[in-house]
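Below is one structure; the comments refer to it alone.
The values are calculated or read from the model by the stated rules, or taken from the named source; none is laboratory data. Because the structure is a prediction, the values reported are computed rather than measured. Please note: Cβ atoms are built from the backbone with ideal geometry, for glycine as well, and neighbour counts cover all protein chains shown.
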Amino acid sequence: MVDFGERLRLLRKRANLSQEQLASRLSVTKSVVSSYETGMRMPSYSVLGKIARVFNVTTDYLLGIDNTETMDISGLTEAQKDILSSIVSEFRKNSSMNG
C-alpha cells in the first residue's frame, strides 16, 4: 500500500512542483511539506483538503483509502473526450495483456 507521504511526493513531482512551490500554495513552510512526504507529520484536515484541491484528487485517494485516480476533462469537446476514452481503453487492454 502506498502511504500518504509517498503519494503526496508522486503527485507533487507529476505536477512539476518543488516542495517550496507546494508549500506556498498550501500556506505552510517547505519543511512542513518535507515532513509530510517523509511521514514525520500528517496534515490537518484543512491542509489535507487544500492538498486535494491542488492536485484535483479526493482526500480518500490521498489517504490510500481509494486508489481511483481522476482527471478533470471539463471544457473538452465530446470528440476530445472520446479520444481520451479510447486511449485509456487501449492502455488498459495493453496492461492486462502484459501483466
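Among the residues of the range 1-35, those that are assigned to a helix (DSSP H, G or I), within 14 Å of the chain's Cα centre (by Cα) and charged (D, E, K, R) comprise Glu6, Arg7, Arg9, Arg12, Lys13, Arg14.
Of the residues making up the range 36-78, those that are under 13 Å from Arg7 (Cα atoms) and not in a loop (DSSP other than H, G, I, E, B) are Tyr36, Glu37, Thr38, Leu48, Ile51, Ala52, Phe55, Thr59, Asp60, Tyr61, Leu62. For Glu78, the conditions (1) under 14 Å from the mean Cα position of the chain (by Cα); (2) modelled with pLDDT of 90 or more; (3) not hydrophobic (A, V, I, L, M, F, W, C) all hold with the exception of (1). Ile87 meets the conditions (1) β-branched (Val, Ile, Thr); (2) in a loop (DSSP other than H, G, I, E, B); (3) over 17 Å from Arg14 (Cα atoms) in every case but one. The failed one is (2).
The set of residues in the range 10-43 that are surrounded by fewer than 18 Cβ atoms within 10 Å (Cβ to Cβ) and under 12 Å from Leu62 (Cα atoms) comprises Leu10, Met42.
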